[in-house]
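What follows is a single structure, written as structure tokens, with notes after it.
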Protein chains: 2
Amino acid sequence: MALHAQNRQKLLDRMRAQLEAAGRDSTNGVILLQGGEEQTRYCSDHVPLFRQESYFMYLFGVKEPGFFGALELYTGKSFLFCPRLNPEYAVWLGKIQPPSYFKELYEVDSGHYVDEIHEVLKDSQRGGDWTLYLLHGQNTDSGNFSKPASFEGMEMFNTDLELLHPVLSECRVHKSKLELDVLRYVNNVSSEAHVQVMRIAKVGMKEYQLESTFLHHVYMYGGCRYCSYTCICAAGENSSTLHYGHAAAPNDKVMLDGDMALLDMGAEYHCYSSDITCSFPVNGKFTEEQRIVYEAVLDAQKAVIGAMRPGVSWVDMHKLAEQQILQALKHAGILRGDVEAMMEIRLGAVFMPHGVGHFLGLDTHDTGGYPKGTSRILEPGLKSLRTIRILEEGMVITVEPGCYFIEPLLEEALQDPAKSEFLVKQVLAKFRRLGGVRLEDNVVLTADGCENLTKCPREIQEVEAVLAGGAWPLSKKGA
Amino acid sequence: MALHAQNRQKLLDRMRAQLEAAGRDSTNGVILLQGGEEQTRYCSDHVPLFRQESYFMYLFGVKEPGFFGALELYTGKSFLFCPRLNPEYAVWLGKIQPPSYFKELYEVDSGHYVDEIHEVLKDSQRGGDWTLYLLHGQNTDSGNFSKPASFEGMEMFNTDLELLHPVLSECRVHKSKLELDVLRYVNNVSSEAHVQVMRIAKVGMKEYQLESTFLHHVYMYGGCRYCSYTCICAAGENSSTLHYGHAAAPNDKVMLDGDMALLDMGAEYHCYSSDITCSFPVNGKFTEEQRIVYEAVLDAQKAVIGAMRPGVSWVDMHKLAEQQILQALKHAGILRGDVEAMMEIRLGAVFMPHGVGHFLGLDTHDTGGYPKGTSRILEPGLKSLRTIRILEEGMVITVEPGCYFIEPLLEEALQDPAKSEFLVKQVLAKFRRLGGVRLEDNVVLTADGCENLTKCPREIQEVEAVLAGGAWPLSKKGA
Ligand SMILES: [Mn+2]
Ligand SMILES: [Mn+2]
């Protein structure tokens, strides 16, 4: 809970500074957030497992639905408001706890019922332009807006919907030491589970059996009940579908001899995410073509991680990955001509149409990628970047170069004279059923470089050794 | 897909009959349903795994989000409308399929895009009081209303929101042979997974490790990606919390020597549910008290299953279970006095506050429990029944008697002179930390009796043998 207390203090400091900078009274108001609510599935009484809203989680660490939380700018006091449940629910849900219980559990200064918000806030009012700061703003990945807190009697208060969202989103960008500990833990657990999956993967299995093995490992041995996102377990040509694994493409193919597997799977712990991708030949041995593509991606990943430090532009890292991959494809004879000229016409986006990485934290695609005043670069590949920021200490970001042979994109490129002049069609043909390779690590920026939180086999000889059942250092430590 | 074609035919027949009985034109209209939509989590771009809406699934078997489906009363023709996705999504989601693909895949008569609904329905219009029948009605378990289909241009059509819901809900009550095959399959898989869990359960493990083992088994070996509901893995006193396992009580206790485990877990396959509960001592051996309570519940379950056949009232089955349990508790010295008198004052609801079972199908608490003209019996215990119907062939219902020592209910009963006169306080005291026992099987009504779909160890010697690692017949067959 110290983690969340620190997060609250950081927000308070920044809100006060922001208000002062704007010449406003920095102490006259309260920050109020509403936590997530339990949902039912369609009209039924099926209740999907509740998962806390990420902004609320960041500040209060509350796992239960139906809460509100507040921070008083004047005193810095923290408040939690729990729902007043019918005592009869005790039979179904367990002991119904009072506000004092949650006050202790979540280490806040004051506990109340949700129906007391109005009363408590009234007591906090100090005249002047006392303001209730509510969370309202757009998520730059989904385009959705966060839902500002809403309670009975709210119309009596002066509210501000502008200030809080950018400040809180920015707080989440730089991770504290305690947050890094959690991120390190969940990355260890997920890395280990990937290794376990590599050990059991065999030709003839269904893709979803790898998903099942991963989910089991992270929960059974790591206590991770949730994953950060739906597992992508793609074999063969499916590996060129970037978000394979969703309900309409549910990891249900039989893995064949000669298939590459691309597994993008990450567990979540205390709502903090991991996001790791491994790629390997299901039968245990890379073919020549697989090796070429794999090494292109691995070299790109190494180049990016090697170059990452505070002050570096993420756009440059994306371009660095592209350049490495184009260079390797040229070396393999798939491309011909000048790599700089390829970069110029954005040929890299044909082979890597996604961004090279994104912030990671309480959300898999974490907040703060495009702060006010920045906007997407509207060029192929670069437009998919979830952030274009200059790297800073404490940022956690994925490094996930990929190289895919995606039919519609290749067709389009072959039709486009500007692109097709670089493509060597007959060599390319040998790769077109390979699918794709992605390697994704989770990296934290340090004062003078970066630390890779992910501990998966990456070198070809490491991957083949683990696929053959060999030991992997991490597996000896345990999670 | 034959399963869903049969379901559609059943609905068409009943709708026509219903319209005829009401003196209306039985052929002049179209039934239109809207499938589920993909959601995002709060404001983020996190997409929880999509699960189809159950009414839509019943008729069309479609696993993808964003569809509509229609049935023409005149011709019986079936239509599917798929969303028109941006071709650029192919990179992320895989090949974007046209309506003709879904027409073939789901074996309907006609495939179109969602934006063509208006056009297609216009062509179907035949003058007179041509009507669009939409799904609108209340779920008797959640109190929520199903969302009627809605599309652009709908205001031009004559619509009926009344007729379809009760007819379709009633269609789902009696399962077809093909539906029973799926239910039998998912019950086999889940039964096996329960056995596997019993084999690995040990003192010192966390409750969630049993959940993880169950989830893994049903997915890895049964292909079940979803469960019917959040797993309840309750050990010790937690087993008296009926819906333990939710986010606020997340199966995270260490299982101690002497604890009973109550595991309510069921996989889902092709959206069809299973719902099975096993109870056993974590250390492998029943204590005397555990044996008494377990046998009380087992005898109640056997009595109910032995009595179930078409024509029997489900309320009577609930009372039969109560009576068996009260009788056993009297025999054990926990209760004294006349069992009929106990029944009279609803003492059974102190020990079994939930209903003895519910319909099971595409929803865990399936539709049709309270058709028009019926209502809940407002007495303790009975008010929790999710149906009070007379049993009929083809119904699938859970049989889940339980006996719990729930502190607030016991306290209340001890305070109530009418109840406390039956309670032998000093004997009861020995049971108050036991938690509870529930045994839940899934049973289908046949022409002259019933068939139990669940194949778990139930007798005490069977349970102890499997806990000790012994073989269980089902495990040899495989799923
Ligand atoms: Mn990622
Ligand atoms: Mn049940």
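The values are calculated or read from the model by the stated rules, or taken from the named source; none is laboratory data. Just so you know, these numbers come straight off a predicted model, no measurement behind them. Reconstructed Cβ throughout: ideal geometry from the backbone, glycine too, with neighbour counts over all protein chains shown. All accessible areas refer to the heavy atoms of the entire protein, side chains included, with ligands and DNA or RNA removed. Shrake-Rupley method; radii C 1.70, N 1.55, O 1.52, S 1.80 Å.
Scalar couplings 3J(HN,Hα) for the stretch B:367-382, obtained by applying the Karplus form with A = 6.51, B = -1.76, C = 1.60 to θ = phi - 60°, are 6, x, x, 10, x, 3, x, 10, 8, 5, 8, 8, 10, x, x, 5 Hz; x denotes Gly and Pro. Label-point spacing at A:ASN452 relative to the other copies reads 5.6 nm, in ascending order, each point sitting 7 Å out from Cα along Cα→Cβ. With label points defined 7 Å past Cα in the direction of Cβ, position B:ASP115 shows copy-to-copy spacings of 4.9 nm, given to one decimal and shortest first. Here the accessible area is traced with a 1.4 Å probe on the protein chains. For the stretch B:108-176, carbon and sulfur cover 47 percent of it.
Can you give the accessible area per residue of the protein assembly as shown, in Å², using a 1.4 Å probe? For the protein assembly as shown, the solvent-accessible area averages 38 Å² per residue. Annotation: extensible slack from B:HIS118 through B:TYR221 equals 32.7 nm (criterion: 0.36 nm per residue apart, minus Cα-Cα distance).
Taking all Cα-Cα distances within chain A, those exceeding 28 Å account for 56%.
Pairs with C-alpha atoms separated by more than 26 Å, drawn from the list A:LYS285/A:LYS455; B:LYS10/B:LYS455; A:LYS302/B:LYS95; B:LYS285/B:LYS419; A:LYS372/A:LYS455; A:LYS95/B:LYS253, are B:LYS10/B:LYS455; A:LYS302/B:LYS95; B:LYS285/B:LYS419; A:LYS372/A:LYS455. Sorted from closest to farthest, the other copies place their A:ALA17 label points 7.3 nm away, with each point set 7 Å from Cα along Cα→Cβ.
Pairwise Cα distances in the stretch A:378-479 exceed 22 Å in 55 percent of cases. Only protein heavy atoms count here, probed at 1.4 Å, and on that basis chains B and A bury about 5300 Å² of accessible area in total. Once you have all Cα-Cα distances for the protein assembly as shown, histogram them in 10 Å bins from zero and send the whole-percent values. Binned Cα distances yield the sequence 2, 11, 18, 22, 21, 16, 8, 2, 0, 0. Among residues of chain B, the one whose Cβ lies closest to the rotation axis carrying chain B onto chain A, together with that distance rounded to whole Å, is B:HIS216, 2.
In the stretch A:23-60, the residues whose accessible area drops by at least 30 square angstrom when the other protein chains are added to the isolated chain are A:ARG41, A:TYR42, A:CYS43, A:SER44, A:ASP45, A:HIS46, A:LEU49, A:ARG51, A:GLU53; the probe is 1.4 Å and only protein heavy atoms count.
Ranked from largest, the principal axis spans of the Cα set of the stretch B:65-129 equal 47, 21, 16 Å. May I ask you to list the residues of the stretch A:374-402 whose amide nitrogen lies under 12 Å from a point 7 Å from Cα along the Cα→beta-carbon direction of A:SER313? Answer for the stretch A:374-402: A:377, A:388-391. Rounded if a/c is under 1.5, else prolate if a/b is larger than b/c, else oblate: which is the stretch B:73-185, with a ≥ b ≥ c the root eigenvalues of its Cα gyration tensor? Verdict is oblate for the stretch B:73-185.
Using the Cβ-Cβ distance between A:GLN18 and A:GLU379 with R0 = 35 Å, the FRET efficiency computed as 1/(1 + (r/R0)^6) comes to roughly 0.60. Sort the stretch B:220-309 into rounded, prolate or oblate with this rule: let a ≥ b ≥ c be the square roots of the eigenvalues of the Cα gyration tensor; rounded if a/c is under 1.5, and if a/c is not under 1.5, prolate when a/b is larger than b/c, oblate otherwise. Oblate, because a/c is 1.5 or more while a/b does not exceed b/c.
Count charges around B:LYS330 for me, please; just the other residues with Cβ under 10 Å from its Cβ, Lys/Arg as +1, Asp/Glu as -1. Value of the local net charge: 0. Looking at the protein assembly as shown, the DSSP beta bridges with both ends there are about 80 percent antiparallel.
Only helices enter the 222 nm calculation for chain B: every DSSP H run of n ≥ 4 contributes -39,500 (n - 2.57), and dividing by all residues gives -10500 deg cm²/dmol, rounded to 500. Taking a sphere under 14 Å around the Cβ of A:CYS450 and counting the other residues whose Cβ falls inside, with K and R at +1 and D and E at -1, yields a net charge of -1. Per residue of peptide B:239-252, the mean number of Cβ atoms on other chains within 10 Å of the residue Cβ is 5. Count Lys and Arg as plus one, Asp and Glu as minus one, and take only other residues whose Cβ is under 11 Å from that of B:LYS285; the net charge is then -2.
Put a dot 7 Å past the Cα of A:VAL424, heading toward its Cβ, do the same for B:GLU288, and the two dots end up 8.6 nm apart. Sort the stretch A:16-71 into rounded, prolate or oblate with this rule: let a ≥ b ≥ c be the square roots of the eigenvalues of the Cα gyration tensor; rounded if a/c is under 1.5, and if a/c is not under 1.5, prolate when a/b is larger than b/c, oblate otherwise. Prolate shape, in that a/c is at least 1.5 and a/b is the bigger ratio. Assuming charge only on the beta carbon of Lys and Arg (+1) and of Asp and Glu (-1), the dipole of the stretch A:203-341 about its Cα centre is about 240 debye to the nearest 20.
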